[in-house]
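Data first, discussion second: the structure below is written as structure tokens.
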Amino acid sequence: MAAPPDMELPPALSLELLPTDPLLLILSFLDYRDLVSCSYLNRRLNQLSSHDPLWKRHCKKYWLISDEEKSRRDQGWRAIFISTYCDLGRYIHHYATLKKAWDDLEQYLGQWCPRMIGSLKESVREEDLDAVEAQIHCKLPDDYRCSFRIHNGQKLVVPGLMGSMALSNHYRSEDLLDIDTAAGGFQQRLGLKQCLPLTFCIHTGLSQYMALESVEGRNKYEIFYQCPDQMARNPSAIVMFITGTSYLEWFTSYVNKVVTGGYPIIRDQIFRYVHDKDCVATTEDITVSVSTSFLPELSSVHPPHYFFTYRIRIEMSKDALPENACQLESRYWRITNAKGDVEEVQGPGVVGEFPVISPGKVYEYTSCTTFSTTSGYMEGYYTFHCLYNKDRFFNVTIPRFHMVCPTFKVSTA
């Protein structure tokens, strides 16, 4: 309904008349894109959106800029955000996640594997990554490029950043390749068309590859170990053990496993044994725990041969009585594959040894097994005899532990 002609209307609310503090509070909830858009609306909003403290949150969120780093740069928050965006803006949705992963990894390595820190290479420039794309005639994913703007992989040394594995007659240690070495190993042959190596083991020649295009049955940016199909007439037929769906997922999940203690550190190396927290059994004062790992380089899909290694830790409680010290006599295994086929194994000692366990002492060893199915499990017990009462024998439970082959695909080559 229209106002009566003699009624005075209140003055129009002007942005210029609004107090500054509430407006700044509202602007503090905007993302950086909206904050920039506001600066083009009028003079007042342009002035307010340039308020330096508004940009602190964005610097911390997207670029992980600390107060200490700001002091070193001797710039305002807005200037730091803009200069960093000009350099790394295309990676704004990846940078913070990857930078945190690298920072966490470096901090962890500095404490547990200091020798490995020296093998990391400095970052590369945008033009270096552009040159590699021109060389291989393929686009690199932004998350991969972003990671190399932080660290250019690793020197070809041992131990490798991406984990090790050691058996009595087999050793693997994977380096994270620098961009030039990776480009030199770019594949165009059948079975590995348009695949870029991410890692390399000097001892085995093993690599993990990233597919840069969706060809030969692969998904774009999928990461995998190659495995030749030994039963195919075509030598280019490759089976892929999948290890990641993108570089970001592949790298950050590995780093998270490392820095949370999911992989053990043995002799200044990261060993890719996976431990199930439920896979622990205690008998009297002795606790047995198991961790496992799949070895793609010793496995095949055709013919079916899946190779696993396991690491067993046997520990006696430090609170146990000294007279409870004992020695391992024999082992019994019950091995079951995915078809339900059972094999029983019994024999003296473990890996040719008869370890003595006393209060607070730990004994660890590694062994291996193979399955003709993609999964299986083992369980059993050790028989010990007491050192101070040699007539007393008792069994110590080995918890059931499962081994499962990772997802794999058969190449269309």
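The values are calculated or read from the model by the stated rules, or taken from the named source; none is laboratory data. Remember, it's a predicted structure, so these values are computed and weren't measured experimentally. All Cβ positions, even for glycine, are placed from backbone atoms using ideal geometry, and neighbour counts span all protein chains on display. For the accessible areas, the whole protein counts, side chains as well, though only heavy atoms, and no ligand, DNA or RNA atoms are used. Shrake-Rupley method; radii C 1.70, N 1.55, O 1.52, S 1.80 Å.
Here are some notes:
- Heavy atoms of the protein chains alone define the surface here; on that basis the chain has 51 Å² accessible area per residue at 1.4 Å probe size.
- Backbone phi angles across the range 55-68, fed through the Karplus curve with coefficients 6.51, -1.76 and 1.60 (θ = phi - 60°), yield HN-Hα couplings of 8, 4, 4, 6, 5, 6, 5, 9, 10, 6, 7, 8, 4, 5 Hz in residue order; Gly and Pro are listed as x.
- Building the convex hull from the alpha-carbon atoms of the range 20-90 and averaging its projection over directions returns 4.8 nm².
- Each residue of the range 123-134 was assigned a 3J(HN,Hα) from its phi angle through the Karplus expression (A = 6.51, B = -1.76, C = 1.60, θ = phi - 60°), giving 5, 9, 9, 4, 5, 5, 5, 4, 5, 5, 4, 5 Hz with x at Gly and Pro.
- Given charges at Cβ of Lys, Arg, Asp, Glu: the range 20-90 dipole, positive-most of P22, Y40, I82: Y40
- Principal axis dimensions, largest first and in whole angstrom, of the chain by Cα: 111, 60, 53
- Highest to lowest packing among 336-345, 305-314, scored as the average C-beta count within 10 Å: 305-314, 336-345
- Rounded, prolate or oblate (a/c below 1.5 giving rounded, otherwise prolate when a/b exceeds b/c) for the range 153-237 by Cα gyration tensor: oblate
- C-alpha long axis of helix 247-259 to longest principal axis of the chain, angle in °: 60
- For the range 28-141, the square roots of the Cα gyration tensor eigenvalues, ordered a ≥ b ≥ c, give a/c of at least 1.5 with a/b no greater than b/c, which places it in the oblate category.
- Scalar couplings 3J(HN,Hα) for the range 148-162, obtained by applying the Karplus form with A = 6.51, B = -1.76, C = 1.60 to θ = phi - 60°, are 7, 6, 9, 9, 8, x, 9, 5, 7, 9, 10, x, x, 5, 8 Hz; x denotes Gly and Pro.
- Only Lys, Arg, Asp and Glu carry charge here, each on its Cβ (+1 for the first two, -1 for the last two); on that basis the range 273-405 has a dipole of about 100 debye about its Cα centre.
- Inter-part distance where the range 105-147 and the range 370-413 are each reduced to a Cα centre, Å: 39
- Whole-number percent relative contact order across the range 273-405, with pairs defined as alpha carbons under 8 Å at least 6 apart: 29
- Which listed pairs, of K60/K155; K99/K155; K257/K339; K155/K257; K61/K409, have C-alpha distances above 26 Å, in listed order: K60/K155; K257/K339; K61/K409
- Global form of the range 271-391, assessed from the alpha-carbon gyration tensor, a/c cut-off 1.5: prolate
- Ranked order, D21, D67 - accessible area, probe 1.4 Å, largest first: D21, D67
- For the chain, the relative contact order comes to 11 percent (Cα pairs under 8 Å, sequence separation of at least 6).
- In this structure, the amide hydrogen of S330, modeled 1.01 Å from its nitrogen in the peptide plane, lies closer than 5 angstrom to those of G349, T383, counting only residues at least 5 positions away or on a different chain.
- Nearest-ten-degree value, helix 95-112 long axis tilted from longest Cα axis of the chain: 40
- Rounded to 10°, Cα long-axis angle of helix 77-88 versus longest principal axis of the chain: 60
- Split the accessible area of the range 36-142 by element, probe 1.4 Å, and carbon with sulfur accounts for 50%.
- Reachable lysines from K318, criterion Cα separation under 17 angstrom, eight or more residues apart if same chain: K361
- For the chain, with +1 on Lys and Arg beta carbons and -1 on Asp and Glu, the positive-most of L190, T287, C201 along the dipole: L190
- Long-range amide H partners of L176 with built H, under 5 Å: Q154, L161, M162
- The convex hull defined by the C-alpha atoms of the range 342-405 has an orientation-averaged projected area of 5.6 nm².
- Cα-centred dipole magnitude for the chain, charges only on beta-carbon of K, R (+1) and D, E (-1), debye, nearest 20: 480
- Stokes-Einstein translational diffusion, the range 211-259 - Kirkwood Rh over all Cα pairs, 0.890 mPa s, 25 °C, in µm²/s: 203
- Split the accessible area of the range 231-368 by element, probe 1.4 Å, and carbon with sulfur accounts for 48%.
- Peptides 358-368, 322-332, ordered by how many other C-beta atoms sit within 10 Å of their residues on average, highest first, read 322-332, 358-368.
- Binned Cα-Cα distances of the range 96-260, short to long, each 10 Å bin given as a whole percent: 10, 39, 37, 13, 2
- Overall, the range 266-346 carries a charge dipole of about 360 debye about its Cα centre when +1 sits on the Cβ of Lys and Arg and -1 on the Cβ of Asp and Glu, all other atoms neutral.
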